[in-house]
1. Find, to one decimal place in angstroms, the Kirkwood hydrodynamic radius of segment 46-175, where the mean of 1/r is taken over every pair of different Cα atoms and then inverted.
2. Using the Karplus equation 6.51 cos²θ - 1.76 cosθ + 1.60 (θ = phi - 60°), what ³J(HN,Hα) coupling, rounded to whole Hz, does each residue of segment 59-73 give in order, writing x for Gly and Pro?
3. Could you sort out which of Lys467/Lys522; Lys467/Lys558; Lys355/Lys522 sit more than 29 Å apart by Cα distance in this structure?
4. Once you list every other residue whose beta carbon is under 13 Å from the beta carbon of Arg286, what net charge do they have if Lys and Arg are +1 and Asp and Glu are -1?
5. Pop out the Kirkwood hydrodynamic radius of segment 259-360 from its pairwise C-alpha distances, inverse of mean 1/r, in Å to one decimal.
6. For the pair Glu8/Met573, report the inter-label distance in nm, with labels modelled 7 Å from Cα in the Cβ direction.
7. Mind grabbing the accessible area of Arg578 for me, 1.4 Å probe, Å², rounded to tens?
8. How large is the accessible surface of Arg561 in square angstrom, using a 1.4 angstrom probe and rounding to the nearest 10?
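The values are calculated or read from the model by the stated rules, or taken from the named source; none is laboratory data. Here the structure is a predicted model, which is why all the values come from computation and not from measurement. Backbone-built Cβ (ideal geometry, glycine too); neighbour counts: all protein chains shown. With ligands, DNA and RNA removed, areas are computed over all heavy atoms of the protein, side chains included. Shrake-Rupley method; radii C 1.70, N 1.55, O 1.52, S 1.80 Å.
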Amino acid sequence: MAESLPLEMLTYILSFLPLSDQKEASLVSRAWYSAAQNALRESLGLRGISCISLTNLDGSPTSHQVLQSVAYHLGPHLHSLCLGGGSPTEASFVTLILGCRALRILDLSGCNSLFTSGTLLSQPETAQGVRQALSGLRELNLAGLRDLADLSFNQLSSCAPSLERLSLAYCHLIFELGPARGSIGLRDSSPSQFSFRNLLRFVKERAGRLHALDLSGTGLPPEALQALGQVAGLQLQELSLHSCQDLSTEAVATLCRQQPGLTSLDLSGCSELTDGALLAVSRGLRHLRRLSLGKLQRLTDAGCTALGGLRELQSLNMAECSLVSGRELAQALGSVRGAPLRLESLSLAFCSSLKDASVLSVILALGPSLRVLDLSSCVTLTNGTVQAICTYLTHLSVLRLAWCKELRDWGLLGLGEPSEEHAQRPQPCPELEHQASGPKDPSPEPQGPSLLTLRALQELDLTACSKLTDASLAKVLQFPQLRQLSLSLLPALTDMGLVAVARGCPSLERLALSHCSCLSDKGWAQAASSWPRLQHLNLSSCSQLTEQTLDTIAQACKQLRVLDVAMCSGINMAAVRRLQAQLPQLTCVQSRFVGGADLTLTL
């Protein structure tokens, strides 16, 4: 009977459904599909969606139609628009922007198609319309544009007079600083190259308004950084110089004197920097809140002592600082106990010199304020660190312990260290339960809280913690709020553990189980129904899985968007294509069949 209803009536009925149910209804028939599309467009317009990301755009008529629909139905409400990595035509882009007159954030990263010709917004009438539409734009992301040139940059930036934040990360900048540093006029603008002189002219013109700048991966030399820092009236709050490998400690020290108002600084990958750079940061940037020092191989414990002067620090990244042992870091963090300690995020990933004792000291210094902790690939850490985390960092929302291979079941369970005999003999889950409860059993006694104390966890990474088994995972992975979980490279994870995790973590949106060779179709048949929200799933190299698992996933995980089944010998191309037919929203399936080539199917 529903088939005989007019399209307008079907549209009206479906408009009362939530968006997820509208998508389900669209699969009933062609008429329902059309009605659901109409209802979706109308509901989006009425809901006033303010942020949207459009991926996989190209120059096709279909993409052009999509952009026209977005401009018409959503444009007046949009505050943030991302076209990152797409290839829209200039005409489609202009049509879209003219319909989005409330934009505050625009992301064009990787959209090289817009800049290849060098004629973007070259027509005065078009530029005037875009200038009116982008009059309120505050943030512009142009990262990764290989074809960006002076002329196209000037044409676009002139249409955004209110710009406060600009990203040019990994754009190809030409540095030719001469005696008349930065003195360049529009007549000198290059139609084929993007010069630092032109960028410097832009910064001088916008100095009073520009607050955030990302020049990561541009090869910025010390003299260019000095020229940037001394621009009259420039008061940067955020600066990212990730992977600018030519920068010197002296250049950073000069920057800290020139821009004392910085609250966020990223120096990761600036490999020439030494302890002196951190000392200069501590002395010159008293209001710094976010500091990234990843991959500074010359940074030592001595430099960490300077961190005590950064009393407003909230986020610290020291990943891959291999000479940092953590002792002085703990002392530096502890030295600010007189003031409220507000460090919320700490990354010490790949700091191979870290030991349990120093990490414990850091944890004690940080206390309950920490929300994100990354200790991935700190290979010497043991269960003592886990139990300290469970005792003192109970408010964590993100915990990453990937490749911490010394972690064992008893550490996650909060038990005492077992005797040597028990430690060497693997125990199945029922026996471990009996040991924990039997008063006469000489097995480990509880000595601290288990992982279950971290009730606020939303992301957990236990990749390659290869000594963990179902014995602990089935018990402690019970987090109703958990959104992201990685159990890849756990050879002892079986179907029993998988089912227990599914029941304990029903809200997962991202799940990685690659190289878990004990998982089978039977386990997935029981687990999949618990994960209706799953969007990203990695099952690569799960050798026992067959097309039956794909059929199970198709029935239970309707929101799945990305799936990796590379090197799953029991899954063939026909099964992958059948899954894509069953899940229209699945945008990417990564496959590599044994004896064949890589295959990525993108819809």
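1. Taking the inverse mean of 1/r over all distinct Cα pairs, segment 46-175 comes out at 14.5 Å.
2. My calculation for segment 59-73 gives x, 6, x, 4, 5, 4, 5, 4, 5, 4, 5, 4, 4, 6, 8 Hz in order.
3. Exceeds cut-off: Lys467/Lys558; Lys355/Lys522.
4. +3
5. 13.3
6. In this crude spin-label approximation the distance works out to 4.9 nm.
7. Roll a 1.4 Å probe over it and Arg578 shows about 90 Å².
8. 90
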